[in-house]
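Step one of this worksheet: look at the structure below.
Since every read-out is calculated from the coordinates, none of them should be taken as a lab result. Quick caveat: nothing in here was measured; it's all calculated off a predicted structure. When we count neighbours, we look across all protein chains shown, and the Cβ atoms used for this are built from the backbone with ideal geometry, even at glycine.
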Amino acid sequence: MSEPAVSSPAVLSLGFSPCPNDTFMFDALVHGRVDAGGLRLSVEMDDIEVLNRRALGLDSRPPLSVTKVSVAALGRLTADHAVLDAGAALGRGCGPLVLRRADDRSRVGLGELAGARVAIPGEATTANLLLRIFGPASVRRVVMRFDEIMPALAAGEVDAGLVIHESRFTYPDHGLALVADLGERWEADTGLPLPLGVIVARRELPAATIDAVQQGLRASVEAAWADPDASRPYVRAHAQELSDDVCRRHIELYVNAFSASLGDEGRRAIERLVQRMREAGVMPADAPGPWR
């Protein structure tokens, strides 16, 4: 007997960032080289904070059916969204960095950022949540696109910068120095990998649709590993300002076993960060957990 067709919208909207890890992981799915249960996908790429705000209803456009979001955004999303097992950015040695100008010796530690103007890549980002957990309460946040932070810091427009993505590989080229690696702080504090971003689906979607998306995401990650060169044109098309070496290092760092499946350790890491959000008062105590 044949399997029943997946009950789903005619076209399912899928959002992720143009960063090399996402385009590498999802290339095979987007271009039909792996099966997603017959689903038709409409892809929208945007900066992670834009995706966060859209999922949170802070954008004029309707929410996406399936989208990448920062784990920190789950604090206000779990009533309507559930975390999928594949497509995550989670691991060790991949956390956000707090930077200063190399010639500024007044802010060499997190404690010396009290009252400082710190550029952040978005209010709803996991990076900002970690700064809230580990940094001084009196930090003055200045929201910027992630790729504007290092130039602004180098120009003296802010006192420090909180950077994500490939900035961890390139910041010395901007005359900047490390204040703190917030991923290392998290790992030392919890013993767990750091959950940065996850794929979430609207809870209103049929279970069969969510299962098909999850299977398609996992198959796409595995296809990328099996034939890394196949995704290269897609990665390069959306990362033209990055060198091949930076793209490679970015992918190697952020695409790992947790990207194919969170597993028990990945789920525990997300649950621990959700617990910290509840303790910090940035997630309602009665909000649902992140899972279906």
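Going 7 Å from the Cα of A285 toward and past its Cβ, which residues in region 241-275 have a backbone nitrogen under 17 Å from where you end up?
Hits in region 241-275 for A285 at 17 Å: 275.
Using the Kirkwood radius over Cα pairs, work out the Stokes-Einstein diffusion coefficient for region 97-190 at 25 °C and 0.890 mPa s, in µm²/s as a whole number.
So the translational diffusion coefficient is about 191 µm²/s.
What are the trypsin sites (Lys or Arg not before Pro) within region 177-251 that DSSP puts in a loop, where the Cβ has at most 15 other Cβ atoms within 10 Å?
Within region 177-251, the qualifying trypsin sites (Lys or Arg not before Pro) (loop, at most 15 other Cβ atoms within 10 Å) are R203.
Could you give the dipole magnitude of region 76-184 about its Cα centre, charging the beta-carbon of Lys and Arg +1 and that of Asp and Glu -1, in debye to the nearest 20?
Values: 12 positive and 14 negative charges, 63 e Å.
Dipole magnitude for region 76-184 comes out near 300 debye.
Full extension from V143 to R272: what is 0.36 nm times the residue separation minus their Cα-Cα distance, to one decimal in nm? Intermediate values should be presented prior to the final figure.
Details: separation 129, 0.36 × 129 = 46.44 nm, distance 2.58 nm.
Gain in length upon complete extension: 43.9 nm.
Check which residues have an amide H placed less than 5 Å from G122's amide H, if you skip close sequence neighbours.
Excluding prolines and chain starts, which carry no amide H, the hits are M144.
Where in region 157-220 are there GluC sites (Glu not before Pro) that are in a DSSP coil and have at most 14 other Cβ atoms within 10 angstrom of their Cβ?
When the GluC sites (Glu not before Pro) of region 157-220 are filtered for loop state and at most 14 Cβ neighbours within 10 Å, E204 remain.
For D189 and D103 in one chain, what is 0.36 nm times their gap in residues minus the Cα-Cα distance, to one decimal in nm?
28.0 nm
Can you work out the base-10 log of I(q)/I(0) for region 99-152 at q = 0.15, 0.25, 0.29 1/Å, using the Debye formula on its C-alpha atoms alone?
Calculated log10 I(q)/I(0) at the listed q: -0.40, -1.10, -1.32.
For the chain, take the longest principal axis of its alpha carbons; what is the angle in degrees between that and the long axis of helix 20-30, to the nearest 10 within 0 to 90?
10 degrees
Skipping prolines and chain starts, which residues have an amide H placed within reach, meaning under 5 Å, of the one on L196, given they are 5 or more residues away or on another chain?
Here the answer is A89, L90, G91, since their amide H atoms fall under 5 Å of that of L196.
Treating the beta-carbon of each Lys and Arg as +1 and of each Asp and Glu as -1, no other charges, what is the dipole magnitude of the chain about its Cα centre, to the nearest 20 debye?
Dipole about the Cα centre, nearest 20: 640 debye.
Can you report the principal axis dimensions of the chain using only the alpha carbons, biggest first, rounded to whole angstrom?
71, 45, 38
Ordered by residue, what ³J(HN,Hα) values in Hz, to whole numbers, does region 219-224 give under the Karplus form 6.51 cos²θ - 1.76 cosθ + 1.60, where θ = phi - 60° and Gly and Pro are x?
Each residue's phi maps through the Karplus curve to give 4, 5, 4, 5, 5, 5 Hz.
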